[in-house]
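The values are calculated or read from the model by the stated rules, or taken from the named source; none is laboratory data. Since we're looking at a predicted model, the values are computed, not measured. No Cβ is skipped: glycine too gets one built from the backbone with ideal geometry, and neighbour counts run over all protein chains shown. Side chains are part of the model used for accessible areas, which takes the heavy atoms of the whole protein and leaves out ligands, DNA and RNA. Shrake-Rupley method; radii C 1.70, N 1.55, O 1.52, S 1.80 Å.
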Amino acid sequence: MYPPSTTDPAHVLIVDDEPMMLSLLALLLEGEGYRVTTCRDGARALELGRAQDWDLVVTDLRMPEVDGFDVLKGFQDIRPDTPVIILTGDEKLDHAIRSIQMGAYDFITKRMATQGSFFLMSLERALEKRRLLQDRRKHLVRIENQNRALREGLRAARHIQKTMMRRDFSGIAHGLTVHCRYLPAEQVGGDFFDVLPLDSHRVLFYMAGVGGYGVSAAMVTVFAKQTIAKLVSGYATEGRSGSFGLSDLLWSFNREINAQGFELDGLPLHLGIFLGFLDSDWSRLICANAGFTPAGRIVGADGSIQSLALSGHPIGLINQPVFDEMEVSLDPEQRIVLFSDGLIEPA
C-alpha cells in the first residue's frame, strides 16, 4: 500500500495493554517494513518518549493509570513533531472528537486497524506529515543560517564602508570649509562621497550612488572610491589639475568600472556621480554629472538656490558615455550643497 522507505524505515512505538493486540499490530507493521517497538503501559511509553525520538506513536485509549489521552498529551510536550494515532476497542464519537481536539493525528477503532489497509494508509499519511514538518524545520534552519551569514556580511560591509568614509575634512584646504553627514537607511548603502585636495588651493569633490543596496553595492563603493582617488592622483601628478578635465576623468572612471564587469541580479551594476572642481580662490566651480540625481545646489546667503542641473550617462552602462560640464562663478557667501536621493525618497 504505502510502504516506508526501505533505506530508512520509520520507527513506530505501539502502546497497548493487550499482548495479543500488540503482537498483531507489530506483525502487521513489520510485514510492511516498519521498525516496531512495543510497550504495554502508558507510563513506560512516556519514558521511551523522553529517551529517544520516534517517527510515530500508536496508542490504545483505555489503559490503567496512564491512558491514551495521557500518552498523547505527554508526547505533545516532549516530542511535539511526533504524530500520535489513538486506537480504541469502542466506537464512541465523543472519544474521537476529544482525541482530535487534543491533537491526535487520527482516531481508529481496533477492528479497522486489524483489517490493515485503512490503518496503513493512516500511518503513512501521519508519517508524511512528520516528514513535511521536519523538512519545514530544516528549511527554516537553513534560512536562519543564511540570514545569519547575510547579517554577518552586512556588518562586515558596514565596517568596511564606515572606515573608508571620511567624516572630518577640517584643514583640507585654506579658506574652504566642508560639512558632511552620512546616515545609511539600511546597515549598508550605495552612496558615498569625498573631497580630494589637489594642492593647497584646488580641490575636487564628488557624491556618488551605486544602483543597488546591500553587500554588493557596498563592495562596489569601496572599489569606486579607490579608483577615483587613484585617477585624481594621476591627474594631479601629471600636472593637469590647473585646467581639470572632469569629462576626461569620468571617461577614465567609466572605463575602469566597465572592465570589472560588476553585476547585480544579472544586470550591469552602475552608479551615478556628480563631480565638482574648485579652483584657486574658490571663486570658480567647474562641475560635471554622470547620471547622479538629485542635482547639486548652490545656496546663497539670502537663501536663494541655484540648481546645478546637468545631464550625463551613468557610469558602468555603456562604453562611450557623454557628460555635460558647466562653470559657475561663486562668491564667498555661497555654499555648494550635495545630497543623495535617500534624503527625499519616502521611507
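Details
- C-alpha long axis of helix 93-102 to longest principal axis of the chain, angle in °: 30
- Only aspartates and glutamates eight or more places from LYS225 in sequence, or on another chain, were considered; those with a Cα closer than 15 Å are ASP191, ASP194, GLU256.
- Computed over the chain: relative contact order in percent, which uses C-alpha pairs under 8 Å that are six or more apart: 10
- Accessible area of region 52-206 belonging to carbon and sulfur atoms, whole % at 1.4 Å probe: 52
- Under DSSP loop assignment and at most 15 Cβ neighbours within 10 Å, longest trypsin sites (Lys or Arg not before Pro)-free interval of the chain: 241-347
- Under the convention that each Lys and Arg Cβ holds +1 and each Asp and Glu Cβ holds -1, the size of the dipole of region 71-164 around its Cα centre is about 660 debye.
- In the chain, taking the dipole from charged Cβ atoms about the Cα centre, the farthest positive-side position among PHE323, GLY74, VAL220 is held by VAL220.
- Option label - Rg and Dmax of the Cα atoms in Å computed here, alternatives [x] 21.9, 93; [y] 20.7, 70; [z] 36.3, 104: [z]
- Solvent exposure of the chain, expressed per residue, is 54 Å² of accessible area, with all protein chains present and a 1.4 angstrom probe.
- Rounded to the nearest 10 degrees, the inclination of helix 19-31 to the longest alpha-carbon principal axis of the chain is 50 degrees.
- Distance from the Cα centroid of region 102-173 to that of region 283-346 is 47 Å (rounded to whole angstrom).
- Dipole magnitude for the chain: about 420 debye, using +1 per Lys or Arg Cβ and -1 per Asp or Glu Cβ, origin at the Cα centre.
- Listed by chain and number, the lysines placed with their C-alpha closer than 28 angstrom to that of LYS92 are LYS73, LYS110, LYS129; residues fewer than eight positions away on the same chain are left out.
- Rolling a 1.4 angstrom probe over region 297-347 with all protein chains present gives an accessible area of which 51% lies on carbon and sulfur atoms.
- For the chain, built as a Gaussian network whose Cα springs stay under 10 Å, the top-fluctuating residue of TYR206, TYR182, TYR34: TYR34
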